[in-house]
1. Assume the label is 7 Å from Cα along Cα to beta carbon: what separations in nm does A:Asp123 have to the matching positions in the other copies?
2. Taking the Cβ of A:Phe47 as the centre, find all other residues whose Cβ is under 14 Å away and add up their charges (Lys, Arg: +1; Asp, Glu: -1).
3. Considering the options A:Gln85, B:Tyr112, A:Ser49, tell which one lies farthest towards the positive end of the dipole of the protein assembly as shown, charges being +1 on Lys and Arg and -1 on Asp and Glu at the Cβ, about the Cα centre.
4. If we count every other residue with Cβ under 13 angstrom of A:Gln167's Cβ, Lys/Arg +1 and Asp/Glu -1, where does the sum land?
5. Counting only other residues whose beta carbon sits under 9 Å from that of B:Ser142, what net charge do I get with K and R as +1, D and E as -1?
6. Report, to two decimal places, the Cα Rg of the protein assembly as shown normalised by 2.2 N^0.38 Å (N = number of residues).
7. Taking loop as defined by DSSP and a crowding limit of 15 other beta carbons within 10 Å, which GluC sites (Glu not before Pro) in the stretch A:1-86 fit?
8. Against the globular-protein guess of 2.2 N^0.38 Å, express the Cα radius of gyration of the stretch B:86-199 as a ratio, rounded to two decimals.
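No value in this document is a laboratory result; all are computed from the given coordinates. Keep in mind it's a predicted model, so treat the numbers as computed, not measured. We place every Cβ from the backbone using ideal geometry, glycine too, and count neighbours over all the protein chains shown.
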Number of protein chains: 2
Amino acid sequence: MGKGEQTRQLIVDRALTMAQRLGLEQITLGALAEELDLSKSGLFAHFKSKEQLQLEVVKEVVERFTRIVILPALTKERGSPRVQQLFQGYVEWMRAPTASTQSGCILIAMSYEYDDRPGPVRDALVKAQHDWIDSVARVAKSGVGAGEFRDDLDPKLFAFELDGILQSFHRALKLLQDDRAETMARKALSRLLEDSKRR
Amino acid sequence: MGKGEQTRQLIVDRALTMAQRLGLEQITLGALAEELDLSKSGLFAHFKSKEQLQLEVVKEVVERFTRIVILPALTKERGSPRVQQLFQGYVEWMRAPTASTQSGCILIAMSYEYDDRPGPVRDALVKAQHDWIDSVARVAKSGVGAGEFRDDLDPKLFAFELDGILQSFHRALKLLQDDRAETMARKALSRLLEDSKRR
C-alpha cells in the first residue's frame, strides 16, 4: 500500500469511528482533518466531497461485514455447516468494535439515519441490505443443491427468517441486555434448520 | 377534555409528527410554539422542558401501539387467534401514519437515535421494548394455559422469534420494498405457530 493509499484508508477508518459515534451525516471533513492533523486541502485531495467520503465509509463497513460474516461461511460445506458459520460470523460481527451500536447493527442504524434523506448514501445502504439478503438466500439454495435442504425450500423466505433471528438477537443482546439472547437465537436457528431439511 | 388538556394533546401530536420527520432529539419548543401559533411561555405552561415533552411523545407512541397492536389481540381467544391478531395489529400499526419510518418502526428508529444518549428518554424507549416483548410472552403463555400450545413452550423464545419476524417484515416492506414481505411474514408466523402447538 502506497503512502497515498494509506492516508486514504486512515481517513476512512477515522470517519467510520466518527460515524459510529455521531452518525454518518454528522461527519465533517473539517473535524476529520483536524483529528488526523491533515490540512483540509490534503483531505480534499482524497475525497472531493463529504458525500464521496460517506459512500466510502459505507463501502468499508460492507467490506468488513463481508470479510467477517460472508466469506468464512463460504469456506464451509453447503447446508447447515455454512448456515451455522453465517450465524457464528454474525456473532463475531456484533463483537467487532465498529460493527455495532447499542441498539443494533451499524448498517441498520445508518438506514434509519438516512430514512428521509434520499440520495446516493441511502441507495448504497439499501443496496447493502439487498445484497445481504441475496447472500443468505444463495447460501440456503446451495444447501438445497447439496441435498440437505428440501427441494421446495424458499431461499428468500429462509433469508427473511434468518435475518429476523439475527436482528432480534442483536436487539436482545445490546438494547435489552438479555443474558439469554444467544441461547434463544441458537434455538430459533435450530428450528429454522430442522424445518429446512429433507424429511 | 378541558381546553388545557386539548392544547396539551395538540402539542404532543404535533411534536410526534415533527419527531417522525426530524428525529425526537430535533424537536424544539420554539419551533413547536411557532407552528401551533402559541407563545413560548404558553407552551412552557404545559411542558417544563424539552425532555418532558420528549417523554410525553414516547408515551403517546406507546399508547397508540398498545391501542392498535396489543388491546385488539386481548379481545381474541387465547392461543393462535390472539397471536394472529397481534400480527394483524402490527400490519395496521405499520400503516398508521405516525408509526413508521421508511426503515422500520418508529420506536426502533428512536432507539437508534438515542443509542449514545443515556438518560430518561432512552430509558423510556428501552422500557417500551421490554414491555412489548413481555406482552408477547404473556400472549404465548396464555396459549399454553388454554391448552393449544405445548407445555414446554418457552414464552420468551416465542416472543424473540415473533419479534424477529415482525422486524424482518417491516424492513422487507419498507426498506427493501419487497412485494412478498407480507406473504413471507405470514408463512414464518405459520411455522412458528405450528411448532408451538401440542403434538
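1. 4.5
2. Here the count lands on +1.
3. Result: A:Gln85.
4. -1
5. Result for the neighbourhood of B:Ser142: +4.
6. 1.06
7. A:Glu77
8. 1.15
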